[in-house]
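Chemist: There's a structure below that I have some questions on.
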Amino acid sequence: MPFAMTDDGVRLHYEETGAGTPVIFVHEFAGDHRSWEPQMRFFGQRYRAICYAARGYAPSDIPEDVAKYSQARAADDIASILNHLGISKAHVVGLSMGGFATLHFGFRHPNRALSLCVAGCGYGAEKGQSEKFRAEAESIAAFLDENGAAAFAEKYAYGPTRVQFENKNPRGFAEFKAQLADQSALGHRNTQLGVQRERPSLYDLVDQMKALTVPTLVLTGDEDWPCLQPALLMKQTIPTSALSVMPNCGHTINIEDPDQFNRLVSEFLIQVDADRWPVRDPRALSASITGMK
């Protein structure tokens, strides 16, 4: 079983398939490396497809110290995988927690990113939601301490932006819930407290987003309510970004509707690799509504 070592001594399990331009997939809080199986099979036919289990997710190491978990470390762990594999640059695709890590990877390691796909990114980011999100992170951590991962999965899997997946694909949803239940309660607890609770709001990162020049696809489901406004913010702020909204989709878009997700990401990567991805024309930023004034 292959592992990469981070600079702070944490082993990260990874998998890869295919050959060609590297694409690395970064999973969400309620998923793990297995969540990317539809993408590994699809993109592995055309790219060197890589996924990994974040710190706190078996079979990667599960540090007991919350201080080992942070947004910065989540971004730098992507670089650790690339370093281990001898990859200088890669396309980076992340969902939710992985979407935040992908965006921060673009801030911290822009010279290592061929492109960024920031999907399902925005939970707790809106100014009026920050304290509520922090409080919910602490409640989740306490629930995991008291009840364990299996009981947690029975509640968390049925969140308001995940029931769309169950309605659309009960079999796939059951697999998602089972994988969530067999992960580490300690790892999930520490991830909530160290990464989720402490990450900065996207609305405090506007200057960094304005300076980002890496080709970026912002991707969200239209029923992923906490991510819609933050997705618009990223589109409006990142000059090399495009926004795509998947209809009748919730949060787990890569497994809820893998065909559409793969098509959108594939078309994005093709344009980037062909050096045809645009930078926003400054004329599109006119204060005039019609351009006549």
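The values are calculated or read from the model by the stated rules, or taken from the named source; none is laboratory data. Computed from a prediction, not measured in an experiment: that's the story for all the values here. When we count neighbours, we look across all protein chains shown, and the Cβ atoms used for this are built from the backbone with ideal geometry, even at glycine.
Chemist: Pick out the one residue from Ser286, Ser241 that is surrounded by fewer than 15 Cβ atoms within 10 Å (Cβ to Cβ), free of Cβ contacts under 8 Å to residues at least 60 places away in the same chain and of a type in the set (Ser, Thr, Tyr).
Modeler: Details: Ser241 fails: surrounded by fewer than 15 Cβ atoms within 10 Å (Cβ to Cβ).
After applying the criteria, what remains is Ser286.
Chemist: Let me ask something else about it. The conditions are (1) over 19 Å from Phe100 (Cβ atoms); (2) hydrophobic (A, V, I, L, M, F, W, C); (3) touching a helix residue (DSSP H, G or I) at 6+ places or on another chain (Cβ under 8 Å), and Met40 fails exactly one of them. Which is it?
Modeler: Failed condition: (3).
Chemist: Considering each of Ala185, Ala231 in turn, give the residue that is buried (at least 19 other Cβ atoms within 10 Å of the Cβ), more than 22 Å from Glu131 (Cα to Cα) and touching a residue at least 24 places away in the same chain (Cβ under 8 Å).
Modeler: Ala185
Chemist: Can I ask one more? Can you pull out every residue in region 85-117 that is surrounded by fewer than 24 Cβ atoms within 10 Å (Cβ to Cβ) and assigned to a loop (DSSP other than H, G, I, E, B)?
Modeler: Scanning region 85-117 gives Gly86, Ile87, Ser88, Lys89, His109.
Chemist: If you go through region 64-73 one residue at a time, do you hit one that is touching a residue at least 60 places away in the same chain (Cβ under 8 Å) and of a type in the set (S, T, N, Q)?
Modeler: yes
Chemist: Sticking with this one: Answer yes if at least one residue in region 103-123 is among the polar types (S, T, N, Q) and under 26 Å from Leu186 (Cβ atoms), and no otherwise.
Modeler: Looking through region 103-123, none of the residues is among the polar types (S, T, N, Q) and under 26 Å from Leu186 (Cβ atoms).
Chemist: Quick one: count up the residues across region 148-180 that are over 20 Å from the mean Cα position of the chain (by Cα), closer than 23 Å to Pro38 by Cβ and buried (at least 16 other Cβ atoms within 10 Å of the Cβ).
Modeler: 2
Chemist: Next up: Tally up the residues in region 69-118 that are polar (S, T, N, Q) and in contact with a His (Cβ under 8 Å, 6 or more places away or on another chain), please.
Modeler: So the answer is 3.
One line per residue, one yes/no per condition, for (1) out of contact with any Lys or Arg (no Cβ under 6 Å at 6 or more places or on another chain); (2) hydroxyl-bearing (Ser, Thr, Tyr); (3) modelled with pLDDT under 95; (4) part of a helix (DSSP H, G or I):
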position	(1), (2), (3), (4)
Asp77	yes, no, no, yes
Asn83	yes, no, no, yes
Arg134	no, no, yes, yes
Gly159	yes, no, no, no
Gly172	yes, no, no, yes
Glu175	yes, no, no, yes
Ala178	yes, no, no, yes
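Chemist: Which residues, taken from region 90-138, are among the basic types (Lys, Arg) and out of contact with any strand residue (DSSP E or B) (no Cβ under 8 Å at 6 or more places or on another chain)?
Modeler: Arg108, Lys127, Lys132, Arg134, listed by residue number.
Chemist: Six or more apart or on different chains, Cβ atoms under 6 Å: show the pairs whose first residue is in region 22-37 and farther than 10 Å from Leu180 by Cα and whose second is assigned to a helix (DSSP H, G or I) and of a type in the set (Gly, Ala, Ser).
Modeler: Sorted first by the residue in region 22-37, then by its partner, the pairs are Val26/Gly98; Val26/Ala101; His27/Ser35; His27/Gly98; Glu28/Gly98.
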